[in-house]
Amino acid sequence: MAVPAFAAPENEGSACAAPTLPDAGSLPTNAKLPDPFRKLDGTRITTRAEWTCRRNEIKRLAEKFVYGEKPARPQSVTGTVSSTSITVNVTDQGRSSSFSARVELPSGTGPFPAVVVLGGFGADTAAIKAAGAAVINYDPYAVGKEGTGRSNKQGAFYSIYGATSPTGLLMAWSWGVSRIIDVLEQSGGSVLRADATGVTGCSRFGKGAFVIGAFDQRITLTMPIESGTAGAPIFRGVPGEGAQSLSSAYGEQPWLGDAFGTFTGSPNRLPVDTHQIAAMVAPRGLFIMDNPHIANLGPRSASVAALGAAEVYRALGAGDNISYWSDVSDGTHCADRAEWRTPLQQNIRKFLLKTGNDPGAIRISSRAQGRLADWVDWTTPALDGSTPPPTTPPPTTPPPTAGGACAA
Ligand code: MCU
């Protein structure tokens, strides 16, 4: 049976009034994490319904100052979905590009939900398939290459938006996954469902998974692994932790947008931090996996981001939908970890197959604990007087039919 497409839009807040964003030069210094509930007009949200437009403000701030803009849905996206591959053809602004991804189905009868796996290492694809989800092997470098420098960005995203686009690789990778979901929607859902997509990846591809899940609300489960600086850890950074510095991450590859360059030495000027990027995922499933044995990954700083985001989840009445787990024994980066298998499969059943309802868990290793209290000067509101979250109206027109290893 074909599953209805258009379960959710890419960005529910696209209909919100366009926020007037501050200029880079007029940003105040704030040593604490910015208040996720305070709107750009200075007032705080009081209802759950207001989160949609507040989230859109966070999205726009994050695009302007951190990752670079994610272009709106292109003029044309076509492609094919089979049991072995997905092809994607995009045309926008008079330019076209294409990429493809290899599909692995689980056993059983479809249509299946799918997890987009970036880069092919560090994610437990066997456990994903055993839980009943397909794997979409996504090569981020086909969409945004590494190693070419900021003034000569390459890949399917930059073929369209230009080699000097200020948008960084993480957002380019995010755009690519959104275009895969466009194709899934158009396919009619006979092989892979379009309303149940997860994303995961480890290390630099954990950074990617984090941003991909934040910037497309059609993704129902986001699972970054050991993402390090430019991923989950707060940019402000727990002092003395020994995480990769912002200037190192900014300079290593154009993962972050060009606009981030003025903040590498002054993250306290950033009007958004990663607790808000994680909160953009709310109330959808979020399972952040981390390694407490490698200080360079900033696991303390990542735990602070998760705890800050958990406040937003709680305010939205979705506290059970976020997990953070750094309580693991093997110190190897991107190791295959037995500890994560059960929570991974529980998250897949809950958010992709919709056959389970296990609560999320916050399991922070005693080796790398961050303290949220050190970072907040705001309280978590009781968002009462709320109306239920907006439901997406069915499309008025039928969807168009389809035309057819870590380098470190
Ligand atoms: C943790 O992710 C990165 C890290 O930021 C880089 O400094 C290092 O070179 O590579 C890591 C990675 O992607 O490892 C596979």
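Structure summary
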quantity: Efficiency of FRET between Lys39 and Asn357 - r from beta-carbon atoms, R0 35 angstrom, step 0.05; calculated: 0.60
quantity: Solvent-accessible area per residue, Å², over the range 65-150 with all protein chains present [probe radius 1.4 Å]; calculated: 39
quantity: About the Cα centre, charge dipole magnitude for the range 110-214 (Lys/Arg +1, Asp/Glu -1 at Cβ), debye; calculated: 280
quantity: The range 122-152-the range 295-326 distance, computed between alpha-carbon centres (Å); calculated: 23
quantity: Residue (of Thr109, Ala373, Gly308) at the positive-pole extreme of the chain, dipole from beta-carbon charges; calculated: Thr109
quantity: The range 22-122: C-alpha gyration tensor shape, a/c 1.5 cut-off, then a/b vs b/c; calculated: prolate
quantity: Simple spin-label estimate for Ser266 and Ala130 in nanometres, 7 Å along Cα-Cβ; calculated: 5.1
quantity: Accessible-area composition of the chain, carbon plus sulfur, in percent [1.4 Å probe]; calculated: 51
quantity: Spatial separation of Cα centroids for the range 336-370 and the range 175-231, in angstrom; calculated: 17
quantity: CD proxy at 222 nm, helix term only [per DSSP H run n ≥ 4: -39500 (n - 2.57); per residue of the chain; nearest 500]; calculated: -6500 deg cm²/dmol
quantity: Where labels lie 7 Å past Cα in the beta-carbon direction, separation of Thr109 and Ser82 in nm; calculated: 2.4
quantity: Pairwise Cα inverse-distance average, inverted: Kirkwood Rh of the chain (Å); calculated: 21.0
quantity: Residue among Ser247, Phe215, Thr264 farthest towards the positive dipole end of the chain, charges placed on Cβ; calculated: Phe215
quantity: Net charge dipole size for the range 4-148 [Lys, Arg +1 and Asp, Glu -1 on Cβ; Debye, nearest 20]; calculated: 260
quantity: Accessible surface, per residue, of the range 189-230 when the full set of protein chains is kept, probe 1.4 Å, Å²; calculated: 8
quantity: Charge dipole magnitude, Cβ of K and R +1, D and E -1 - the chain, Cα centre, debye nearest 20; calculated: 160
quantity: Given charges at Cβ of Lys, Arg, Asp, Glu: the chain dipole, positive-most of Gln345, Ser82, Pro9; calculated: Pro9
quantity: Relative packing of 286-298, 194-206, which averages over residues the other C-beta atoms within 10 Å, highest first; calculated: 194-206, 286-298
quantity: Protection proxy ranking, peptides 271-279, 81-89, average beta carbon neighbours within 10 Å, highest first; calculated: 271-279, 81-89
quantity: Cβ-Cβ FRET estimate between Thr47 and Trp378, R0 fixed at 25 Å, reported to 0.05; calculated: 0.90
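The values are calculated or read from the model by the stated rules, or taken from the named source; none is laboratory data. Computed from a predicted model, the values in this text were never measured in an experiment. Don't worry about glycine lacking a Cβ; one is built from the backbone with ideal geometry, like all the others, and counts go over all protein chains shown. Just so you know, the surface numbers come from the protein's heavy atoms only, side chains and all, with ligands and any DNA or RNA stripped out. Shrake-Rupley method; radii C 1.70, N 1.55, O 1.52, S 1.80 Å.
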